Amino acid sequence: MGLDGGVNESPFTDLGRPPLNEQALNRMLVRSGSLWRRIEVVAETGSTNADLAEAARRDAPEGQVLVAEAQTAGRGRLGRSWTAPPRSGLMFSVLLRPRVDPAALGWLPLLTGLATATALRRVTGRAASGDFGRPGGSGLDVRLKWPNDLLVGERKLAGILAEKVADAVVVGVGLNVSLRTDELPVPTATSLACEDATFQEREALLRAVLRELETWYREWTALKGDPETSGLRTAYKDLCATLGRRVRVLLPGDRTLTGEAVDIDAAGCLVVATPEGDQVVGAGDVVHVR
Amino acid sequence: MPEVRAEMVANVWKVVVGEGDQVQDGDTLVILESMKMEIPVLAEDDGVISRLKVAEGDVVQEGDLIAVIE
């Protein structure tokens, strides 16, 4: 029997995709002295990044989190789009006002990737060993493709996009949680469900990610954005799947660079060794080649 | 003659204005990109773009001149 394959819109019939509980999230994450001030969950919006960018322009303080169950104009890098069926993932943005050396600001998108990957590794690892009940399934080996794509193997689990808005930075995360194989936007995408991750409960995942992000952000800003003393550069390199790989980088202006990714430098740029010497990449699409 | 300079190493993703364009305080001149972070560079004065020093695809270093507004 074949169904029409259309996306099931009703929250009441799609029991496998329960909505997030805004009250519970605020209760657990917003405390006196915490980074997070307010967590808002909306059923639908154009783009959480666009909404918080607007809030930033109106001088909203740092610590706002906006989560959308569905987006109609989700964005990726270079004007690409990010789409997912309602409640099938976590799509959220955070508003931060990092008081760090401007030259160190490039580390914030990388920090977000590191925090997200670390949180996912921890939560799925604990679930696999039985901390949340029946053990089984996979603790996920989530890694980072430079700059901040979350990968399992070579498949993309989550994307991150940041926008600087005067002194604020809005960072958006799109994480695929329960998407089934037939719902993946491209064959190179994946989700926690497709990876057989034991743990797919979105609220707990969001809490874990926001807590990890808070820890790293507080440490990093306390040290004025220094990636060395904060341990950020080391921790990022440890989880970076790009290092040691042969890569092809599509640079702005449609130029291509091929070589071996050998380092992440002090500014967070990817260093690629080529026959012409080491090339430093600050922006580009990285492809891991065989 | 206010100079608009890059605050960090970045690529020039989008050039929004051209030489000769009238701009106001707050208008976006170019959008830079670094580490998947989009960085709009805004005019901080009213005036005319007398010089535009970057094109899409360029790499700018911290302190590089982007535009001059007269």
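The values are calculated or read from the model by the stated rules, or taken from the named source; none is laboratory data. Because the structure is predicted, anything quoted here is derived from the model rather than measured. Cβ sites come from the backbone with ideal geometry, for glycine too, and all protein chains shown count toward neighbours. We work out accessible area using only protein heavy atoms, side chains counted, and drop any ligands, DNA or RNA first. Shrake-Rupley method; radii C 1.70, N 1.55, O 1.52, S 1.80 Å.
With a 1.4 angstrom probe, the accessible area lost at the B-A interface totals about 1800 Å².
Let me check something: with ligands and nucleic acids excluded, how do A:D238, A:D131, B:D64 order by accessible area (1.4 Å probe), largest to smallest? All intermediate terms of the calculation are to be shown ahead of the outcome.
Values: A:D238 110, A:D131 85, B:D64 60 Å².
Largest accessible area first, the list is A:D238, A:D131, B:D64.
All C-alpha pair distances within the range A:22-235, sorted into 10 Å bins from zero, spread as 9, 36, 39, 16, 1 percent across the bins. Using a cut-off of 24 Å between Cα atoms, the listed pairs A:K164/B:K53; A:K164/B:K14; A:K145/B:K53 include A:K145/B:K53 as exceeding that distance.
In the context of the full protein assembly, A:T112 retains an accessible surface of approximately 0 Å², using a probe radius of 1.4 Å and ignoring ligands and nucleic acids. The figure for B:R5 is an accessible area of roughly 110 square angstrom, using a 1.4 Å probe on the protein chains alone. Toward the positive end of the charge dipole of the protein assembly as shown, with +1 on the Cβ of Lys and Arg and -1 on the Cβ of Asp and Glu, the farthest Cα among A:A117, B:V68, A:T256 is that of A:A117.
Using a 10 angstrom cutoff on alpha carbons, build the Gaussian network for chain A and name the most mobile of A:D265, A:D254, A:D149. Fluctuation is largest for A:D254. Contact order, relative form, for the range B:3-69: 45 percent (alpha carbon pairs under 8 Å, 6 or more residues apart, mean separation divided by residue count). Since only A:C194, A:L96, A:C269 are under comparison, the one whose Cα sits farthest along the positive direction of the charge dipole of the protein assembly as shown, derived from C-beta charges on Lys, Arg, Asp and Glu, is A:C194.
Peptide B:6-18 is shielded by partner chain Cβ atoms: per residue, an average of 4 of them sit within 10 Å of its Cβ. Taking the Cα centre of the range B:3-69 as reference, the dipole from Cβ charges on Lys and Arg (+1) and Asp and Glu (-1) amounts to some 240 debye. Measuring nothing but protein heavy atoms, the accessible surface of chain B at 1.4 Å probe radius is 42 percent carbon and sulfur. Highest mobility in the GNM of chain A, judged by mean-square fluctuation with C-alpha springs under 10 Å and restricted to A:Q279, A:Q200, A:Q23, is found for A:Q23.
Rounded to the nearest 20 debye, what is the charge dipole size of chain A about its Cα centre when +1 sits on each Lys and Arg Cβ and -1 on each Asp and Glu Cβ?
Working: 35 positive and 37 negative charges, 72 e Å.
The dipole of chain A has a size of about 340 debye.
Once you put a point 7 Å from the Cα of B:E3 and another 7 Å from the Cα of A:A24, both along the Cβ direction, what distance in nm separates them? Placing both labels 7 Å beyond Cα along the Cβ direction yields 5.7 nm. Going by accessible surface with a 1.4 Å probe and the largest first, A:K164, A:K224 read A:K224, A:K164.
Using heavy atoms of the protein chains and a probe of 1.4 Å, the accessible area assigned to A:L239 is about 20 Å².
These residues, A:T45, A:T256, go from largest to smallest accessible area, 1.4 Å probe, as A:T256, A:T45. Mean partner shielding of peptide A:251-258, defined as the number of other chain Cβ atoms within 10 Å of each residue Cβ, is 3.
For chain A, the share of accessible area belonging to carbon and sulfur comes to 49 percent (1.4 Å probe, ligands and nucleic acids excluded).
Normalising by the residue count of chain A, find the relative contact order in percent from Cα pairs under 8 Å and 6+ residues apart.
Details: 578 pairs, mean separation 45.7, N = 290.
Computed over chain A, the figure is 16 percent.
Counting only heavy atoms of protein chains, what accessible area per residue, in Å², does chain A have with a probe of 1.4 Å?
Numbers: 12990 Å² over 290 residues.
With the other protein chains kept in place, chain A gives 45 Å² per residue.
Taking the helices alone, chain A has a mean residue ellipticity at 222 nm of -7500 deg cm²/dmol, built from -39,500 (n - 2.57) per DSSP H run of at least 4 residues and averaged over all its residues. Among beta bridges identified by DSSP and lying wholly in the protein assembly as shown, the antiparallel ones come to about 85 percent. Interface residues of the range A:276-290, defined as those losing at least 20 Å² of solvent-accessible heavy-atom surface relative to the isolated chain (probe radius 1.4 Å), are listed as A:G282, A:A283.
Shape class of the protein assembly as shown from the Cα gyration tensor (axes a ≥ b ≥ c, square roots of the eigenvalues): prolate, since a/c reaches 1.5 or more and a/b is larger than b/c. Relative intensity of the range A:243-288 on a log10 scale, I(q)/I(0) at q = 0.27, 0.33 Å⁻¹, equals -0.99, -1.36, per a Debye sum over C-alpha point scatterers of equal strength in the absence of solvent.
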